[in-house]
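Q: I'd like to ask some things about the structure below.
We did not get these values from a lab; they are worked out from the coordinates using the rules stated. What you see is a predicted model, and the numbers here were worked out from it, not measured in a lab. Methodologically, a virtual Cβ is constructed for each residue, glycine included, from the backbone with ideal geometry; neighbour enumeration extends over all protein chains shown.
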Amino acid sequence: MTATATGPLHGVRVIDLTQYVLGPYATQMLGDLGADVIKVEEPAGDRQRTGGGKAPKSKTMGPTFVAFNRNKRSVAIDLKTEAGRETLRRLVKTGDIFIHNMRPSAVARLGFSYKDVAALKPDIVYVEAMGYADEGPYAGLQAFDDLIQSASGACGLDQMVDPDNEFRPLPSLIADKTCGLFATIATLAALRHREATGEGQYVAVPMLETFTGFIMAEHLYGEAFVPATGPFGNTIALHEYRRPLKTKDGYLTVYPASNTHAAKFMELGGLPGAYELERFTSVTGKARLAEYYAMMGEAALAFTTDEWMKIAAENAIPVMRANQPTEIFDDPQLQLTLFEERELAGEGRYRAMRPGFRFGKTPASIRRDAPEIGADSDDVIAELARLGV
């Protein structure tokens, strides 16, 4: 499916040599913003095509691939051959952005280092997402989400709440996706510089440094100063009672902005004057804190989640339904604003998630569904001929 490109990056061409998650997530966002993303794949296709679950009919349109590769055109090129490399060199001459997440040594062996690409297109914005900054001892090592989460300290965040929790990665490819976001931000900043000066440039997005800075921004806490003024770890983020409350039929997260809000919530839930109750006033310290959350939990059980959403809104109490992961499909907000059923050629219906950002004049959109391997090779090669490159 296609539509007229209206996003703010309309007219920008991206030469995309990324695979897996980090790079495709970044280039999908550029595509959502209106860029013409040319996905350069080896003849066997992006290795993520067959990972992350099974497609309804084919072996090359797996659900993870489909989720990260809309708004792109696929060109199949064998970069192990001189003919393939020459085709990519022609493509580079038409591009504004060249982005890859190969190891720097591997892309250099193919002849597409920044120096090589800039020789073909001096004003190119060249974005290289690698595992580790090249001035450190990890430079050049392979990097995947679990490896980056491990080195960043993310595996131990749950243990900072409860030492009995497992030392393990967070259950999301959060390092890949976070670094994909930063790759997009960096690309847009370099584009802005090019618009102002006419200069292209090399942009590096090292995963470990980028993700550690993101995940630990609030957790340096007392260690933000030298010498330290307090403990490591943000006390709000790590609060042991930071979790949803059970309602009659589900869960609700309550975030009272004041004691007045909390007292009102408990009153509505059948505990009027909670702060004056003997069960609360007779204890101090951690015991009082535990009693407070026990009363909040008792109050939450008074109504269903939907009832609480209405009651809390009427009383200006900040709450939100807490969905189990599979309940997001039934959330009334997300049903309206995020999910969209589309037709994927050769596969049937699928569920897409619309871009989250909103623009008043240049809306982001889903213009193309994830492509089959090389689906646009003929069209793109014909364009090169018309452009005389």
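Q: What distance in nm separates the two pseudo spin-label positions at residue 307 and residue 361, each 7 Å out from Cα along the beta-carbon direction?
A: Going from the residue 307 label point to the residue 361 one covers 5.0 nm.
Q: So, R0 is 41 Å and r is the distance between the beta-carbons of residue 123 and residue 217; what FRET efficiency does that work out to, to 0.05?
A: The value I calculate is 0.75.
Q: Something else: May I ask you to list the lysines whose Cα is less than 24 Å away from that of residue 246, ignoring any residue fewer than eight positions away on the same chain?
A: Within reach: 264, 286, 310.
Q: Out of 257, 364, 118, any idea which swings most in a Gaussian network model of the chain, alpha carbons joined below 10 Å?
A: Checking each option, the largest mean-square fluctuation is seen for 257.
Q: Report the gain in length on full extension from residue 387 to residue 334: 0.36 nm times residue separation, minus Cα-Cα distance, nm rounded to one decimal.
A: Result for the pair: 14.8 nm of gain on full extension.
Q: Within 10 Å of each candidate Cβ there may be at most 12 other Cβ atoms; applying that plus a DSSP loop requirement, which trypsin sites (Lys or Arg not before Pro) in segment 39-69 survive? Show your work: numbers first, answer last.
A: Working: sites: 39, 47, 49, 54, 57, 59; in loops: 54, 57, 59.
For trypsin sites (Lys or Arg not before Pro) across segment 39-69 that sit outside H, G, I, E and B with at most 12 neighbouring Cβ atoms in 10 Å, the list reads 54, 57, 59.
Q: State the Cα centre-to-centre distance between segment 297-321 and segment 14-66 in whole Å.
A: 41
Q: Among 282, 377, 74, what is the fewest-to-most ranking by other Cβ atoms within 10 Å?
A: The order, fewest Cβ neighbours first, is 282, 377, 74.
Q: Right, something else. Looking only at the chain, where both bridge partners belong to it, what percent of the DSSP beta bridges are antiparallel (to the nearest 5)?
A: Given both bridge residues lie in the chain, the antiparallel proportion sits at roughly 30 percent.
Q: List the trypsin sites (Lys or Arg not before Pro) within segment 300-376 that fall in a DSSP loop (any state other than H, G, I, E or B) and whose Cβ has at most 14 other Cβ atoms within 10 Å.
A: 358, 361
Q: Figure the gain on full extension for residue 138 and residue 166 (residue separation times 0.36 nm, minus the Cα-Cα span) and round it to one decimal in nm.
A: 7.5 nm
Q: With bins 10 Å wide starting at 0, give me the P(r) of segment 245-321 over every alpha carbon pair, in whole percents.
A: With 10 Å bins starting at 0, P(r) equals 21, 55, 22, 2.
Q: Quick one: 373, 77, fewest Cβ neighbours within 10 Å first, how do they rank?
A: Ordered by Cβ neighbours within 10 Å, fewest first: 373, 77.
Q: Turning to a different aspect of this structure: Would you work out the relative contact order for segment 245-321, in percent, from Cα pairs under 8 angstrom that are 6 or more residues apart?
A: 49
Q: Normalised by the residues of the chain, what does the relative contact order come to in percent, with Cα pairs under 8 Å and at least six apart?
A: Relative contact order comes out at 21 percent.
Q: Output the Kirkwood hydrodynamic radius of segment 126-177, Cα pairs only, in Å rounded to one decimal.
A: Computed over Cα pairs of segment 126-177, the Kirkwood hydrodynamic radius comes out at 12.3 Å.
Q: By how many degrees, between 0 and 90 and to the nearest 10, does the Cα long axis of helix 285-300 differ from the longest principal axis of the chain?
A: 80
Q: Divide by every residue of the chain the summed helix terms, -39500 (n - 2.57) for each DSSP H run of at least 4, and state the resulting mean residue ellipticity at 222 nm, rounded to the nearest 500 deg cm²/dmol.
A: Here the helix-only value at 222 nm equals -11000 deg cm²/dmol.
Q: Please give the FRET efficiency for residue 287 paired with residue 341, using the beta carbon to beta carbon distance and R0 = 56 Å, rounded to the nearest 0.05.
A: In this case the efficiency is close to 0.60.
Q: Moving on. Per 20 Å bin, what is the whole-percent P(r) computed from every C-alpha pair distance within the chain?
A: Spelled out per bin, shortest first, that is 23, 47, 25, 5, 0.
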